[in-house]
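The structure appears below as structure tokens.
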Ligand SMILES: *Cc1c(COP(=O)(O)O)cnc(C)c1O
């Protein structure tokens, strides 16, 4: 390893979008792979929107000019959508309360730079949860304090979290990351968890990641105005079908947003990306019309899996399902890996994570194939 690389980076492994390596490659490479491992929408943008974007690219975007670094028109449109999404009429979110990132991943990094760097803070996460908080913190040398969750409903261990905050003094916990609903376990925040977040002192930033809001329809946006230490993250990568374009946003107090704006790179969002998000918002009724089908497919999929006593399933408030194998502890990991690999050989890519399996709800045809392949494997 090169001697000029920081020791924290030397110890890290680069993020793998599809972990599991090449084991279990599809048996026949000509079978199309059903990619239900990343919680993306199964649907590409409709052709008419792609044509519109192509037109914007050829007719409007000057390739030789830097993008609009103010993001103002997009922030206006997002503010309107956020207000609509939380049915806010009087105390409305303003564009000054929004910051845009190259995916919400970039915002997570900006949050950490603005709060914890140089030994000023550590972060608290409740595992299992979205891995990027911990990964980005590690690249920045920020300590990660971990607590567990209840096995019944994946509620955070609130007692352990309270203790962790009391104990971590050097550096103190500056940020608590919660996903609503959580990935990979698909549970929305419970009232007890929200109450716990409400009583945290103002020196602690509460980040509520609502990446799956459009599926859960549960949001804490209406509380933001009373809580200057809360920040909500959302993304265009899931329900809005724009994972390829990289757009996420943070909603919060103007001063917290101003800090994120200081940290971000001036041209973090390409012109094409900003245009895509604008087009997606303008046509949100068309794009979000696919959600009821995803929710009914989720119910169908869950009922089908629940038939097998070998699976332990949890309810989902998102566009994916989390389950574990009901096997003795010493067999679970091997059997879960095997199931994952065998599914991949048959053409279905799912995620083996946190001792269980996470499957994205895909198109009805994909879901049907996944269920049939699982059925065939369970019989063997
Ligand atoms: C998918 C996901 C995101 C989205 O990240 P982007 O960088 O916007 O694509 C953020 N948070 C969680 C919990 C996710 O699952």
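The values are calculated or read from the model by the stated rules, or taken from the named source; none is laboratory data. Since the structure is predicted, the reported quantities are computational estimates derived from the model, not experimental observations. No Cβ is skipped: glycine too gets one built from the backbone with ideal geometry, and neighbour counts run over all protein chains shown.
When every residue of segment 122-139 is checked against the conditions, none turns out to be away from the ligand (no atom under 16 Å from the Cβ) and assigned to a loop (DSSP other than H, G, I, E, B).
Which residue out of 357, 260 is under 23 Å from residue 183 (Cα atoms) and modelled with pLDDT of 95 or more?
Working: 260 fails: under 23 Å from residue 183 (Cα atoms).
After applying the criteria, what remains is 357.
Is at least one residue of segment 237-256 at pLDDT below 95 and more than 30 Å from residue 62 (Cβ to Cβ)? Walk me through how you get there before you give the answer.
Narrowing segment 237-256 to residues at pLDDT below 95: none.
No, because not a single residue in segment 237-256 is at pLDDT below 95 and more than 30 Å from residue 62 (Cβ to Cβ).
In the set (1) part of a loop (DSSP other than H, G, I, E, B); (2) more than 16 Å from the ligand (Cβ to nearest atom); (3) closer than 17 Å to residue 270 by Cβ; (4) touching a helix residue (DSSP H, G or I) at 6+ places or on another chain (Cβ under 9 Å), the condition left unmet by residue 73 is number (1).
For residue 93, state whether it is within 26 Å of residue 186 (Cα to Cα) and either touching a helix residue (DSSP H, G or I) at 6+ places or on another chain (Cβ under 7 Å) or more than 14 Å from the ligand (Cβ to nearest atom) (or both). Quick ask: steps written out before the conclusion?
On the way: within 26 Å of residue 186 (Cα to Cα): no; either touching a helix residue (DSSP H, G or I) at 6+ places or on another chain (Cβ under 7 Å) or more than 14 Å from the ligand (Cβ to nearest atom) (or both): yes.
For residue 93, the condition - within 26 Å of residue 186 (Cα to Cα) and either touching a helix residue (DSSP H, G or I) at 6+ places or on another chain (Cβ under 7 Å) or more than 14 Å from the ligand (Cβ to nearest atom) (or both) - is not met.
The C-beta contact set for segment 296-309 (first residue in contact (Cβ under 8 Å) with a residue 40 or more places away in the chain, second residue in a helix (DSSP H, G or I) and surrounded by fewer than 19 Cβ atoms within 10 Å (Cβ to Cβ), distance under 8 angstrom, 6+ apart or interchain) comprises 297/364; 301/371; 304/371; 305/371; 308/378. Being under 19 Å from the mean Cα position of the chain (by Cα) and over 20 Å from residue 263 (Cβ atoms) is a condition met by at least one residue of segment 159-178.
Could you say which residue among 54, 79, 86, 47 is within 20 Å of residue 280 (Cα to Cα), away from the ligand (no atom under 16 Å from the Cβ), modelled with pLDDT of 90 or more and in contact with a strand residue (DSSP E or B) (Cβ under 9 Å, 6 or more places away or on another chain)? Walk me through how you get there before you give the answer.
On the way: 54 fails: in contact with a strand residue (DSSP E or B) (Cβ under 9 Å, 6 or more places away or on another chain); 86 fails: in contact with a strand residue (DSSP E or B) (Cβ under 9 Å, 6 or more places away or on another chain); 47 fails: in contact with a strand residue (DSSP E or B) (Cβ under 9 Å, 6 or more places away or on another chain).
Result of the check over 54, 79, 86, 47: 79.
With a requirement of 1 or more residues that are away from the ligand (no atom under 14 Å from the Cβ), the helices (runs of 4 or more DSSP H) lying completely within segment 184-271 that satisfy it span 191-198, 254-263. The criterion of being part of a helix (DSSP H, G or I), closer than 21 Å to residue 206 by Cβ and either within 14 Å of the ligand (Cβ to nearest atom) or out of contact with any helix residue (DSSP H, G or I) (no Cβ under 7 Å at 6 or more places or on another chain) (or both) holds for residue 110.
Applying the selection to segment 350-376, what residues are under 17 Å from residue 41 (Cβ atoms) and more than 18 Å from the chain's Cα centre (by Cα)? 363, 364, 365, 366, 367, 370, listed by residue number. Somewhere in segment 305-325, is a residue surrounded by fewer than 17 Cβ atoms within 10 Å (Cβ to Cβ) and in a helix (DSSP H, G or I)? Yes, that holds for at least one residue. One residue stands out among those in segment 162-173 that are surrounded by fewer than 23 Cβ atoms within 10 Å (Cβ to Cβ) and touching a strand residue (DSSP E or B) at 6+ places or on another chain (Cβ under 6 Å): the one that is farthest from residue 113 (Cα to Cα), which is 164. Among residues of segment 37-48 that are closer than 14 Å to residue 276 by Cβ and free of Cβ contacts under 8 Å to residues at least 40 places away in the same chain, none has a beta-carbon under 8 Å from a residue that is assigned to a helix (DSSP H, G or I) and away from the ligand (no atom under 11 Å from the Cβ) at least six positions away or on a different chain.
What do you reckon, is residue 98 out of contact with any strand residue (DSSP E or B) (no Cβ under 8 Å at 6 or more places or on another chain) and either within 17 Å of residue 256 (Cβ to Cβ) or within 16 Å of the ligand (Cβ to nearest atom) (or both)?
Working: out of contact with any strand residue (DSSP E or B) (no Cβ under 8 Å at 6 or more places or on another chain): no; either within 17 Å of residue 256 (Cβ to Cβ) or within 16 Å of the ligand (Cβ to nearest atom) (or both): yes.
For residue 98, the condition - out of contact with any strand residue (DSSP E or B) (no Cβ under 8 Å at 6 or more places or on another chain) and either within 17 Å of residue 256 (Cβ to Cβ) or within 16 Å of the ligand (Cβ to nearest atom) (or both) - is not met.
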